[in-house]
Amino acid sequence: MSTSDNDVEMPAELRRQHILSLIRGREYVRVADLSTHFGVSDVTVRSDLDVLAEQGKIRRVRGGAMPDVRPNLERPFEETQAAHSKEKRAIGRVAASLVTSGQTIILDVGTTTTAVARALLARNDLHDVVIFTNSLNIAFELEPAIPRFTVILTGGTLRPMQHSLIDPLGGLLLDRITAHIAILGCNGIDHVGGVTNINLPETEIKRRMLRASRRIVVADGSKVGQIEVAYLCEAKDIDVLITDESADLAELAALREGDVEVLIAR
């Protein structure tokens with residue numbers, strides 16, 4: 001394929017998204033390698049890298065680029081819980097509807113998964129549900145459901161930013177259980193960049209959660225098509241995405257083509 005053909009087939013913005021995904025999956029990527037991969041000139045690649053660097057998404061170094069891992073994007077739980085709250089409630093109801101009595105569930109930390117917890121609590125028909133969580137606030141949300149629900153905290157080191165329990169020790173319990181469903185939150189999901197998160201400390205815990213038999217990601221529409229710094233898994237590694245009507249339709253179509261079931265909460 002010639003450079004001109006490839007330029008026609010892949011718009012600059014889409015190519016930059018692909019470049020960003022490659023860079024975030026590695027410690028360092030060379031200009032020459034990107035040029036070969038995309039079939040464009042070194043000049044075009046350098047221009048793409050300059051744009052990504054200006055946006056604060058990568059760090060330019062001699063001969064290539066590296067991921068920008070500056071920890072300046074995460075906001076505390078209390079600051080984000082009100083954002084897209086209507087959409088999160090709808091997503092929570094859809095996710096809760098997939099749970100049946102007698103199942104074992106892993107429920108991740110986050111504002112959208114908190115909406116899932118509240119929707120589970122509202123389902124008075126559910127009983128004998130075991131819920132493992134690494135979220136202190138979700139455990140408190142679910143406390144009124146005891147003894148219909150058994151709520152188990154994973155343990156680990158407390159992270160105040162999200163009221164989450166992380167390594168060291170946070171993943172030991174997850175390595176020893178088998179769950180029917182894992183419901184995870186994220187900061188970005190993209191058919192190329194995969195499922196990503198803003199903060200690095202929780203990423204390993206989330207990866208362990210993905211060992212459940214059915215893997216569900218809950219993400220409001222603003223996160224669909226986004227790529228953040230901490231890579232979690234490829235999009236094809238999840239089974240279901242639950243999002244809302246504001247999500248980018250082209251991105252949802254691409255995820256469906258990758259065998260991800262997409263449910264739209266209304």
- Just for the range 60-83: of the residues that are closer than 21 Å to Thr196 by Cα and buried (at least 16 other Cβ atoms within 10 Å of the Cβ), which one is farthest from the chain's Cα centre (by Cα)? Ala65
- Which residues, taken from the range 211-227, are touching a helix residue (DSSP H, G or I) at 6+ places or on another chain (Cβ under 8 Å) and crowded, with 19+ Cβ neighbours inside 10 Å? Arg215, Ile216, Val218, Ala219, Asp220, Gly221, Val224, Gly225, Ile227
- Hey, Asn197 hits all of (1) under 23 Å from Arg75 (Cα atoms); (2) surrounded by fewer than 18 Cβ atoms within 10 Å (Cβ to Cβ) but one; which does it fall short on? (2)
- Task: Just need a number here: residues in the range 13-41 that are in a helix (DSSP H, G or I) and surrounded by 13 or more Cβ atoms within 10 Å (Cβ to Cβ).
- Result: 16
- Item | Residue among Val116, Val129 that alone is closer than 28 Å to Leu172 by Cβ and touching a residue at least 40 places away in the same chain (Cβ under 8 Å) | Val116
- Please identify the pairs in which a residue from the range 14-35 that is over 15 Å from Ser47 (Cα atoms) and in the same structural domain as Glu251 (by TED's automatic domain parsing) has its Cβ atom under 8 Å from the Cβ atom of a residue that is surrounded by 19 or more Cβ atoms within 10 Å (Cβ to Cβ) and at pLDDT below 85, counting only partners at least 6 apart or on another chain. none
- Message: Name the single residue that is nearest to Lys88 (Cα to Cα) among those in the range 245-259 being in contact (Cβ under 8 Å) with a residue 40 or more places away in the chain and not charged (D, E, K, R).
- Response: Ser246
- Task: Determine, yes or no, whether Thr150 is in contact with a strand residue (DSSP E or B) (Cβ under 6 Å, 6 or more places away or on another chain) and more than 25 Å from Thr203 (Cβ to Cβ).
- Result: yes
- Note on the structure: If you go through Ile242, Ile205, the only one that is hydrophobic (A, V, I, L, M, F, W, C), assigned to a strand (DSSP E or B), assigned by TED's automatic domain parsing to the domain that holds Val116 and touching a residue at least 40 places away in the same chain (Cβ under 8 Å) is Ile242
- Note on the structure: the range 49-123: strands (runs of 3 or more DSSP E) wholly inside it with 3 or more residues that are modelled with pLDDT of 95 or more and not aromatic (Phe, Trp, Tyr) are 104-107
- Yes/no for Glu54 being touching a residue at least 40 places away in the same chain (Cβ under 8 Å), surrounded by fewer than 14 Cβ atoms within 10 Å (Cβ to Cβ) and not assigned by TED's automatic domain parsing to the domain that holds Ile198: no
- Task: Could you tell me whether the range 172-186 includes any residue that is free of Cβ contacts under 8 Å to residues at least 60 places away in the same chain, under 28 Å from Val224 (Cβ atoms) and surrounded by fewer than 24 Cβ atoms within 10 Å (Cβ to Cβ)?
- Result: no
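The values are calculated or read from the model by the stated rules, or taken from the named source; none is laboratory data. None of these values were measured; they are calculated from a predicted model. Methodologically, a virtual Cβ is constructed for each residue, glycine included, from the backbone with ideal geometry; neighbour enumeration extends over all protein chains shown.
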